[in-house]
1. Extension gain Leu126-Arg142, at 0.36 nm per residue separation less the Cα-Cα distance, in nm?
2. So if each residue of separation counts as 0.36 nm, and I subtract the Cα-Cα distance between Asn29 and Arg177, what length gain in nm does that give?
3. Note down the net charge around Pro136, summing +1 for each Lys or Arg and -1 for each Asp or Glu among other residues with Cβ under 15 Å from its Cβ.
4. Straight distance only, please: which lysines reach the Cα of Lys168 with their own Cα at less than 28 Å, same-chain residues fewer than 8 apart left out?
5. Can you list the HN-Hα couplings for segment 138-150, worked out from phi with the Karplus curve (6.51, -1.76, 1.60; θ = phi - 60°), rounded to whole Hz and with x for Gly and Pro?
6. Give me the number: length gained by fully extending Lys60 to Arg44, i.e. 0.36 nm times residue separation minus the C-alpha to C-alpha distance, one decimal in nm.
7. Can you return the lysines within cross-link range of Lys49? Criterion is Cα-Cα under 24 Å, with same-chain partners fewer than 8 residues away left out.
8. Would you mind putting 22-35, 181-194 in packing order, based on average other-beta-carbon counts within 10 Å, highest first?
Amino acid sequence: MVVTSAHMIQFLRVDHMAWIEDYMATRKNEYNALLRLLQRFADRHGFSKQTVCRQKKSQKDLEETRAAFAKQFHTDHPNVAMDCVFNADETGITYDMCPNTIRAVRGGGSYVSNSERHSYRMTALLTVRGDGVKLPILFVTRGVADGAIELNEFAEYPRGHYYAIQEKAWMNGTVWRYYLREVLALHIEDPSVLLADNFDSHVSDESDRIVGEG
């Protein structure tokens with residue numbers, strides 16, 4: 001269900017019109033005051049302002065796909081405990097993004113240098129166990145092996161997580177093998193199931209061998 005400020009105003013008009021009239025009568029800019037009130041109300045109750053995303057499939061289709069996958073999974077792995085199921089997923093993170101608008105001295109230009117127009121990117125590999133336990137995150141940053149970032153900066157990064165270098169900050173076979181050996185293997189004690197994206201580096205013969213060794 002989609003909730004907007006317009007929906008909340010319509011609800012008040014239908015069921016609480018007298019309250020709206022009393023409230024707006026005490027405000028200089030009636031509509032804007034009511035709008036800000038509803039926005040603060042939404043914030044206090046856990047609603048955040050988000051950009052609308054268009055689904056390629058309906059919610060019903062997504063739920064049916066999830067149910068079918070869950071049924072197939074439990075058929076294929078009927079005796080696997082939840083603390084032996086690992087779900088790994090990657091997501092790209094963009095930071096230091098150039099703003100769309102800036103404040104400039106009146107009469108001055110709003111140009112920025114090329115270096116300020118491009119954002120930085122990294123990849124985060126997140127894994128959670130079937131019982132809800134979250135494994136340390138692997139962050140893949142852009143750089144070269146044995147370069148300045150790896151040699152001088154990694155030691156200053158927050159402890160408790162892992163870091164790797166790749167020229168474009170993407171997941172590849174080298175980074176994936178590092179994750180399997182240095183992160184995932186430390187959390188596997190019994191025969192387990194690993195769910196991962198269908199990327200080439202994830203489904204290679206070498207990846208299968210490393211997971212089997214764990």
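What follows is calculated from the coordinates using simple rules that are stated; it is not laboratory data. Worth saying up front: this structure is predicted, and the values here are computed from it rather than measured. Note that each Cβ is placed from the backbone with ideal geometry, even for glycine, and that neighbours are counted across all protein chains shown.
1. On the way: separation 16, 0.36 × 16 = 5.76 nm, distance 1.79 nm.
So the extension gain works out to 4.0 nm.
2. Values: separation 148, 0.36 × 148 = 53.28 nm, distance 6.05 nm.
Length gained between Asn29 and Arg177: 47.2 nm.
3. Details: positive: Arg129, Lys134, Arg159, Arg181; negative: Asp89, Glu90, Glu182.
My count for the surroundings of Pro136 gives +1.
4. Straight-distance partners of Lys168: Lys134.
5. After applying 6.51 cos²θ - 1.76 cosθ + 1.60, I find 9, 9, 10, 9, 7, x, 10, 4, 6, x, 4, 5, 5 Hz.
6. On the way: separation 16, 0.36 × 16 = 5.76 nm, distance 3.00 nm.
Residue separation times 0.36 nm, minus the Cα-Cα distance, leaves 2.8 nm.
7. Answer for Lys49, where 24 Å is the Cα cut-off: Lys57, listed by chain and number.
8. Numbers: 22-35: 11.7, 181-194: 14.3.
Packing proxy ranking, top to bottom: 181-194, 22-35.
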